[in-house]
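Following: one structure in structure tokens, then a few remarks.
The values are calculated or read from the model by the stated rules, or taken from the named source; none is laboratory data. Since this is a predicted model, take the numbers as computed values, not measurements. Every residue, glycine among them, receives a Cβ derived from its backbone with ideal geometry; neighbour counts consider all protein chains shown. Quick note on the areas: whole protein, heavy atoms, side chains included, nothing else; ligands and nucleic acids left out. Shrake-Rupley method; radii C 1.70, N 1.55, O 1.52, S 1.80 Å.
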2 protein chains.
Amino acid sequence: MKRSKRKQEIYVSSARLFRKKGYAATSVRDIAELVGLEPSSLYSHIKSKEEILVNICNDCAELFAEGMDLIQKEEKTNIEKLDNLVDLHIDIAYHNPSSVTVFNDEWRHLPKEELSQFLSRRKAYEDDFKKILKSGMDEGSFVHMSLTTTFNIIINSVKWLHFFAKKLDKSAFEAKREEIKSFIRRGIYT
Amino acid sequence: MKRSKRKQEIYVSSARLFRKKGYAATSVRDIAELVGLEPSSLYSHIKSKEEILVNICNDCAELFAEGMDLIQKEEKTNIEKLDNLVDLHIDIAYHNPSSVTVFNDEWRHLPKEELSQFLSRRKAYEDDFKKILKSGMDEGSFVHMSLTTTFNIIINSVKWLHFFAKKLDKSAFEAKREEIKSFIRRGIYT
DNA sequence: CCTACCGATCGGTAGG
DNA sequence: CCTACCGATCGGTAGG
């Protein structure tokens, strides 16, 4: 079930527009113009505007799920696992700034069925993340505090960085990555 | 220039809808229904949908600006000032969860002129915040790191809390406040 | 504050 | 992939 080049083009352009204007304020005419087609021609490749959003959100969810799977499988300390999770968030956001913004901010416009799938998938990811935090707290590597608070502080400490992905060169970006990771380490390591 | 009760009602209802569905996806018919008027009757109190957004965003900006003014005037250490700033963000979000969400996420839908005012005001706030951070770093109270990184980590560590404002009772909320503040302290104090 | 209504734009389809 | 087009909904106005 590979995706045609044209279809991928439509998704990429749409993600950029959804990021900039939001899903609801982006018209299929906006998308068609950016791709270089007549509005109606889009419908040879997609079946609805909602389908675009669904695919952007699912692709992004897939990246997080795959990253989590890998980290869970590895034989590493909880400190290393958390370090890898922070890198996972930073890397995904760096390489897919538009999709990540849509994933973060536009998922509420998903149609009902896909919305509930999305939410339960996100919940599963959060639970896996918290399991690592809990394990690190229990063994005394991490400061004891509410898992929900810890989880939210960590992911939100990272969430703003993708807005700088295009403004910063690679080395400036890496410097910020290290600053964030140091901050989190000081905040959570015992 | 006081605001009529009806007008305030419209702003409050609109903020709730903008928070839940986003500005673009909220119709004036949605607002009218929640307020209990016919759509056209709204226009006796407001002159456009955009005007509502402008007022919500400006009211919220005002709360932050007033808080910053107060903190700047006080004779306090930088450590105390930062502590007060974190409380300012948490308190505003706790008491105005809808407006804060609109302020955070929907400002990009502001009309051109109000948008540029909004951005320059936000920039001024950020600069004031950074001035306190820089002063604390220079005197050796705070860990030395990029002001932009420090600022963004701090405000984003707090930004998720208003989603819990209605689910948590006061004491549970205060517990989370302290956890966040401890985390920030460990991350930034020398 | 309501009834009645308007032009513009929306997502999407028919047919080639 | 395009031309032509559609019903629904949008923000907003006229007039009382």
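For B:Leu119, the stated conditions do not hold, so it cannot be described as more than 13 Å from every other protein chain (Cβ to nearest Cβ) and buried (at least 21 other Cβ atoms within 10 Å of the Cβ). For the criterion of being surrounded by 20 or more Cβ atoms within 10 Å (Cβ to Cβ) and more than 16 Å from DNA strand C (Cβ to nearest atom), A:Phe103 passes. For A:Ile92, state whether it is part of a helix (DSSP H, G or I), surrounded by 12 or more Cβ atoms within 10 Å (Cβ to Cβ) and more than 16 Å from DNA strand D (Cβ to nearest atom). Criteria met by A:Ile92. So which of A:Lys166, A:Lys170 ends up being surrounded by fewer than 16 Cβ atoms within 10 Å (Cβ to Cβ) and either polar (S, T, N, Q) or closer than 23 Å to A:Asp105 by Cβ (or both)? On inspection, the qualifying residue turns out to be A:Lys166.
From the list B:Arg19, B:Arg6, B:Arg29, which one is at pLDDT 95 or above, more than 10 Å from DNA strand D (Cβ to nearest atom), open to solvent by 60 Å² or more (accessible area, probe 1.4 Å) and assigned to a helix (DSSP H, G or I)? Sole residue among the options that is at pLDDT 95 or above, more than 10 Å from DNA strand D (Cβ to nearest atom), open to solvent by 60 Å² or more (accessible area, probe 1.4 Å) and assigned to a helix (DSSP H, G or I): B:Arg6. When the criteria are applied in full, B:Ser40 meets the requirement of being assigned to a helix (DSSP H, G or I), of a type in the set (Gly, Ala, Ser) and either open to solvent by 40 Å² or more (accessible area, probe 1.4 Å) or away from DNA strand D (no atom under 16 Å from the Cβ) (or both). Scanning the range A:46-69 for residues that are open to solvent by 40 Å² or more (accessible area, probe 1.4 Å), within 16 Å of DNA strand C (Cβ to nearest atom) and either within 14 Å of chain B (Cβ to nearest Cβ) or in contact with an Asp or Glu (Cβ under 9 Å, 6 or more places away or on another chain) (or both) yields A:Lys49, A:Glu50.
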